[in-house]
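Presented below is the structure to which this report refers.
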Amino acid sequence: MEKLATMALFADFYGPLLTEKQRNVWDLHYQQDLSLAEIAELEHISRQAIHDLLKRTERILKEYEDKLGLVQRFWTEREKLTEVKALMQGLNEQDFSSQAAWERHCRIGAMIEDVFDI
């Protein structure tokens, strides 16, 4: 996964653990695509201070992931769910011994689709 996408996931999972200033600068740079100079002007600090804050924030987010592993767990579970979805799509109504079993299969499939739509 590319660095920007990885860091965005880290921020999604661990952003609430950052300080308000870290979250704000992160958002301005990565979400709103402002340059370091533009952020420095808005925050009334140097471009170098913004650069340092972003690098420190990246390091902090990586440390959270190293300790908690929530993003890796998310991807692992998503891969498993993708595999289950593919297996379920190979089944049809004749594969089930009762109408109730087929209906349960359909409900499970709908629930999996809901997870992917989130």
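The values are calculated or read from the model by the stated rules, or taken from the named source; none is laboratory data. Because the structure is predicted, anything quoted here is derived from the model rather than measured. With ideal geometry, Cβ positions are generated from the backbone for all residues, glycine too; neighbour counts draw on all protein chains shown.
Condition check for D27 on (1) modelled with pLDDT of 95 or more; (2) surrounded by 12 or more Cβ atoms within 10 Å (Cβ to Cβ): one failure, at (1). Of all residues in the range 2-43, those that are part of a loop (DSSP other than H, G, I, E, B) and touching a residue at least 40 places away in the same chain (Cβ under 8 Å) total 1. In the range 30-41, which residue that is surrounded by fewer than 13 Cβ atoms within 10 Å (Cβ to Cβ) and of a type outside the set (D, E) is modelled with the lowest pLDDT? Among residues in the range 30-41 that are surrounded by fewer than 13 Cβ atoms within 10 Å (Cβ to Cβ) and of a type outside the set (D, E), the one modelled with the lowest pLDDT is Q31.
Restricting V71, V115 to residues that are in contact with an Asp or Glu (Cβ under 7 Å, 6 or more places away or on another chain), surrounded by 11 or more Cβ atoms within 10 Å (Cβ to Cβ) and not acidic (D, E) narrows the list to V71. From the residues in the range 59-87 that are among the acidic types (D, E) and either at pLDDT 95 or above or not in a helix (DSSP H, G or I) (or both), which one is farthest from I112 (Cα to Cα)? It comes out as E63.
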